[in-house]
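Single-structure report; data block below.
The values are calculated or read from the model by the stated rules, or taken from the named source; none is laboratory data. Being a predicted model, the structure only gives us computed values, none of them experimental. Positions of Cβ are backbone-derived with ideal geometry, glycine not excepted, and every protein chain shown enters the neighbour counts. These accessible areas exclude ligands, DNA and RNA; they are computed on the full protein's heavy atoms, side chains included. Shrake-Rupley method; radii C 1.70, N 1.55, O 1.52, S 1.80 Å.
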Amino acid sequence: MVVLTIKDKREICGNLVSAVLGDRGIDSFSYGEFFEGSPFLRIEKPSEVKVYEHRWSLEGIFRRYEGHGILEEFTSVYDDILIYELKRISGGPIELNLRGNLGIFTWFNPGLRKEIIRGVTFEAISERRAFQLSYNGTYYLRLETDHDVEVEVKEDRVEYAVRTDLSDGDKLVMCTVASSSKEEVKRRASWAMQNPSMVREKRRNMLEGLLSKIPQKPEGVHRDFYTYLWYVILTNRCVVERHPVLKYPFNMPSKYMFRHQWLWDSAFHSVVLSWYDQKLAEEELNNLFIAQKPDGRIPHEIFLSKHLCKAIWRIDDYSPWTTQPPVLAVALGILFEKYKNKKYIKKVLPYLIRYDKWFRDFRDNDKDQLMAYVDYLESGWDDSARWDLPIIKFKKNSQRYLGMYKRIRMAPVEAIDLNCLIYLQRKVIAYLCKELGGNNLACEFEELAEKTKNGILEHMWDEEEGFFFDVFEEDHSHIKVKTPAAFLTMFAGLAEREQVARLVKHLLNEKEFWTTFPLPTLSADDPRYNPRGYWRGRSWINIIWFTYWGLRRYGYDEVAEKLLKKTLNLMENSFTCNENYDSSTGEPLGAPDFGWSTLVLDMLMRKRPPLDEILA
Ligand code: GLC
């Protein structure tokens, strides 16, 4: 008997979470094409699988396994209907396990998890061959099979297990439809199940509409994969209704796991969207300005509901008390270089100026124009080894640091990437002020930018190692953790030529950063390096993007091309656009269909390094 498991049915679970919130009178949301999903089909003994095929088309996702006979799986989506169809072609019986979990939100909130589980019921209809899952009277899932099925809802998890034996010729169809009416769900589900080809056609039409406007394919990428990348960035877009902050459509980083708006993610999304449509690219940033706090801070993220924000951050707001890497100015600079839309810039520049002042007021205790991160999550590099020592230091003497910063969870770090971004932010502000005729402000920001640059060069370069390091704010001592954050000095164009030559040596060293999937977030020669560690060794596409353009800025075009090719090959081969990758094997990890990983499109299409004009 072969056991197959379909894991992580987050699209269903995500709706359960929403339903709970809706029940409590918290805003109701609509998610665009949120239901789209790949079901993560896993075979318990993967070593026994001989052939594995994965194809993607506008009609859905197709997978085929050979080894224990053949199983064919088809996924199709239209609107808010999701269908999985599993067909047994030949071979012995297969036992199928279907499991769902509620994703990260409920890790932080066991109370919410319990409540959801209590509300979930499975109901058998038509002699145990069809099932429906509901939460407090709202139906989410309908399942039909030619075979008897056993369903089980566990007590402590929403791990509904569906067990079935599929023999040759058998078929299992599962369909998710959200509706509060049982009749409606039945009607739509049975229509969809009886007319899978119409469902596929509708999906095709909808996607064709979206994809008909994508730019011409550049050289160096397969057509299918190129289209798939566009599909990812275009279908992650969502609309939230009646939300006090999320007033404009925006891109969720991933529809499965990261279901609200993040600051640096949206900046990256905007860069990619600028190749598609000016309005979408500008609109992607709008909520971030709306979210700006009276003191000038642009927050880290904007949650769909206060409830979840409170569960995770213990704060009665839609956003936590932190910011995130300030990539926003980079995005605005890129949009300006492309569109020269002075009207838009005039509107948003004041927000950016206030944001820079917020850094000066609240993230620079020693007033040296090098800003500090005071929280590991604020850095975007959540669990990076860069923060190990600062966290220990803070725990030992928290009173001292609480005297410097109102809220703080690690000893303040003047981070190399943060300050490269601050330098760029100031250069962008200066440039845009000049464009709008504000010469005094432009001079002020030029001066500020210079100070930050000089601080970086003076305190963060380590001549012996030939590398840039983060420094503690209190004494400017180096935190000697080698990471590709140092390569942002090339992106910002502030490293000296000799320094760049030494950085490139590290970059191309197989023992450091030139791993199978290049640029691990921790140098491979660090004892803490873990190729599967989140920000402790996996490879991320946004870091590759900064580095690629940094190399190009200094004329290392060949190295840049090698970096892009290596990255693209692995992504194309696995046909994935994941959140991150195992740096030693290239295995896709993290959330699938991840927004900023589509930055490879920008590397393929752009001719000159971004912000060239502004940094000239
Ligand atoms: C994770 C990442 C962070 C990112 C967020 C949304 O928390 O560490 O950098 O912004 O997910 O994608």
Region 250-281 - residue that is part of a helix (DSSP H, G or I) and over 21 Å from T323 (Cβ atoms) and, of those, nearest to the ligand (Cβ to nearest atom): V272
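Given the condition open to solvent by 30 Å² or more (accessible area, probe 1.4 Å) and in contact with a His (Cβ under 9 Å, 6 or more places away or on another chain), answer yes or no: does some residue in region 453-464 qualify?
Within region 453-464, one or more residues are open to solvent by 30 Å² or more (accessible area, probe 1.4 Å) and in contact with a His (Cβ under 9 Å, 6 or more places away or on another chain).
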Hey, K607 farther than 24 Å from F467 by Cα and in contact (Cβ under 8 Å) with a residue 40 or more places away in the chain or not: no
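With the condition kept exactly as written, say whether any residue in region 388-405 is under 24 Å from the mean Cα position of the chain (by Cα) and open to solvent by 10 Å² or more (accessible area, probe 1.4 Å).
The answer is yes, given that some residue of region 388-405 is under 24 Å from the mean Cα position of the chain (by Cα) and open to solvent by 10 Å² or more (accessible area, probe 1.4 Å).
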Residues of region 499-523 satisfying the condition of being touching a residue at least 60 places away in the same chain (Cβ under 8 Å) and open to solvent by less than 40 Å² (accessible area, probe 1.4 Å): T515, F517, P518, L519, P520, T521, L522
Residue match in region 297-305 (condition: surrounded by fewer than 18 Cβ atoms within 10 Å (Cβ to Cβ), part of a loop (DSSP other than H, G, I, E, B) and in contact with a Phe, Trp or Tyr (Cβ under 9 Å, 6 or more places away or on another chain)): no
Test: residue in region 283-296 that is within 16 Å of the ligand (Cβ to nearest atom), in contact with a Gly (Cβ under 8 Å, 6 or more places away or on another chain), in contact (Cβ under 8 Å) with a residue 24 or more places away in the chain and assigned to a helix (DSSP H, G or I): no
Filter result (in contact with a Pro (Cβ under 9 Å, 6 or more places away or on another chain) and surrounded by 21 or more Cβ atoms within 10 Å (Cβ to Cβ)) within region 269-286: H269, V271, E284
In region 577-616, the residues that are at pLDDT below 95, surrounded by 21 or more Cβ atoms within 10 Å (Cβ to Cβ) and closer than 30 Å to K427 by Cα: F594
Flag for A449 being more than 22 Å from W387 (Cα to Cα) and among the hydrophobic types (A, V, I, L, M, F, W, C): yes
Which listed residue, of R536, R528, R532, is within 16 Å of the ligand (Cβ to nearest atom), under 24 Å from E465 (Cα atoms), open to solvent by 50 Å² or more (accessible area, probe 1.4 Å) and at pLDDT 95 or above: R536
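Let's see how each residue does on (1) within 16 Å of the ligand (Cβ to nearest atom); (2) of a type in the set (D, E):
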{"position": "W549", "(1), (2)": "no, no"}
{"position": "N573", "(1), (2)": "no, no"}
{"position": "A591", "(1), (2)": "yes, no"}
{"position": "D602", "(1), (2)": "no, yes"}
{"position": "D612", "(1), (2)": "no, yes"}
{"position": "L615", "(1), (2)": "no, no"}
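Per-residue answers, yes or no, for (1) surrounded by fewer than 19 Cβ atoms within 10 Å (Cβ to Cβ); (2) in contact (Cβ under 8 Å) with a residue 12 or more places away in the chain:
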residue	(1), (2)
Y373	no, yes
Y376	no, yes
D382	yes, yes
M410	no, yes
L424	no, yes
G437	yes, no
N440	yes, no
In region 380-416, the residues that are among the small types (G, A, S) and in contact with a Phe, Trp or Tyr (Cβ under 7 Å, 6 or more places away or on another chain): G380, S384, A411, A415
L488 being crowded, with 16+ Cβ neighbours inside 10 Å, within 28 Å of P609 (Cα to Cα) and within 16 Å of the ligand (Cβ to nearest atom): yes
